Amino acid sequence: MPGLCVGLDTSNYTTSAAVFDGARGENRGRLLAVKPGELGLRQSDAVFQHVKRLHQMMERLREDGLLGQIQAVGASTQPRAAEGSYMPCFLVGEGHGRTLAAALGVPFFPCSHQQGHIAAAAWSAGRADLLDRPHLAWHLSGGTTELLYVQPQGHLVQAQCVGGTQDLAAGQLVDRIGVAMGLPFPAGRGLDELSSQSQWADCFPVKVREGYFSLSGMENKIREMLAGGTPRADAARFTLETLAGALLQATKWARERYGDLPLLCSGGVASNTLLRLRLAGVGAVFAPPEYSVDNALGVAILAHRGLEREGSE
């Protein structure tokens, strides 16, 4: 039986390493440092921080007694499994992963960051079966807001984008509004806490056409509200209620087109309390919050699936 697999993920905002043995998975990660008031990192800065920190995540796994005889290594090598999808920060995890696999004489299994998100969400939600059947998935993060039609593809999954935003990602909107309110970046947790202090039920009427929508008009509206004196808590609630409404409309359209499929939600924005509440109303499945954010667990899970597949051939 396949044993311990290591996964590495060096996204634009988190350095992480994980292990998975087929039954148990553990992740160790750390957010990249962003200067107060700024809305992100240059890729060169992200790469530098990953190089300095990735070994620390592996050392934390070892110190916690989670590293044993490694039988395979996986790493996310690109944002999505699509031609031209590239970010330099993923080179750090890929390089370390290939080096570790070569030194140990074990297989190396690449995947995309998005595929890792889907795998981590499905397994940690107790729905690993979704990796072997068609389903819909929202990938909601700082750089991505995509509604995906997901199908099994060997030990991986194939994710076809069938809806989502045409301009700002959900995480970008949350961060821009949050920073405008004076919250630290990334602003998801702060906006979540603020929104819980409001009972506002109103939202911006986002138009959804065949699964796609735009959020830039919504950003302008909320900035106008803040400039006009709307309390921060009410503006936060308005932001999230509006986003939830758009996601629900797009989900309804996708189910009408592809059938009443299970809905899986992954990505850091999917850890938001109000969004989880609204999407749970249509039967959405969520990862625990610690596995909604960027993490390497899904990468390790997919590496384990690859090892299992090799062993069965």
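The values are calculated or read from the model by the stated rules, or taken from the named source; none is laboratory data. Treat the numbers as computed from the prediction; the structure is a model and nothing was measured. FYI the Cβ positions are ideal-geometry reconstructions off the backbone, even for glycines, and counts take in every protein chain you see. Calculation scope for accessible area: heavy atoms of the full protein, side chains included, ligands and nucleic acids excluded. Shrake-Rupley method; radii C 1.70, N 1.55, O 1.52, S 1.80 Å.
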**Request:** Could you tell me whether region 300-308 includes any residue that is open to solvent by 30 Å² or more (accessible area, probe 1.4 Å) and on the phi > 0 side of the Ramachandran plot?
**Result:** no
**Prompt:** Restricting attention to region 11-31, and to residues there that are at pLDDT 95 or above and over 22 Å from residue 122 (Cβ atoms), which single residue is least open to solvent (accessible area, probe 1.4 Å)?
**Reply:** 15
**Prompt:** Is there a residue being surrounded by 22 or more Cβ atoms within 10 Å (Cβ to Cβ), on the phi < 0 side of the Ramachandran plot and either among the polar types (S, T, N, Q) or in contact with a strand residue (DSSP E or B) (Cβ under 9 Å, 6 or more places away or on another chain) (or both) anywhere in region 230-238?
**Reply:** no
**Request:** Given the conditions (1) closer than 18 Å to residue 293 by Cα; (2) under 18 Å from the mean Cα position of the chain (by Cα); (3) not in a loop (DSSP other than H, G, I, E, B), report the number of the one that residue 80 does not fulfil.
**Result:** (3)
**Prompt:** Counting only residues that are open to solvent by 40 Å² or more (accessible area, probe 1.4 Å), over 9 Å from residue 124 (Cβ atoms) and under 12 Å from the mean Cα position of the chain (by Cα), how many does region 275-299 have?
**Reply:** 2
**Asked** Considering region 258-272 alone, what residues qualify as being open to solvent by 30 Å² or more (accessible area, probe 1.4 Å) and modelled with pLDDT under 95?
**Response** 271
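So which residues in region 177-195 are charged (D, E, K, R) and open to solvent by 40 Å² or more (accessible area, probe 1.4 Å)?
First pass over region 177-195, keeping only residues charged (D, E, K, R): 189, 192-193.
Selection gives 189, 193.
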**Prompt:** Where residues in region 93-117 are in contact with a Leu (Cβ under 6 Å, 6 or more places away or on another chain) and open to solvent by less than 20 Å² (accessible area, probe 1.4 Å), which of them is farthest from residue 293 (Cα to Cα)?
**Reply:** 97
**Message:** Which condition from (1) surrounded by fewer than 22 Cβ atoms within 10 Å (Cβ to Cβ); (2) touching a residue at least 24 places away in the same chain (Cβ under 8 Å); (3) aliphatic (A, V, I, L, M); (4) within 27 Å of residue 169 (Cβ to Cβ) is the one that residue 70 breaks?
**Reply:** (4)
**Request:** Select, from 139, 117, the only residue that is closer than 23 Å to residue 258 by Cα, touching a Cys at 6+ places or on another chain (Cβ under 9 Å) and in contact (Cβ under 8 Å) with a residue 60 or more places away in the chain.
**Result:** 139
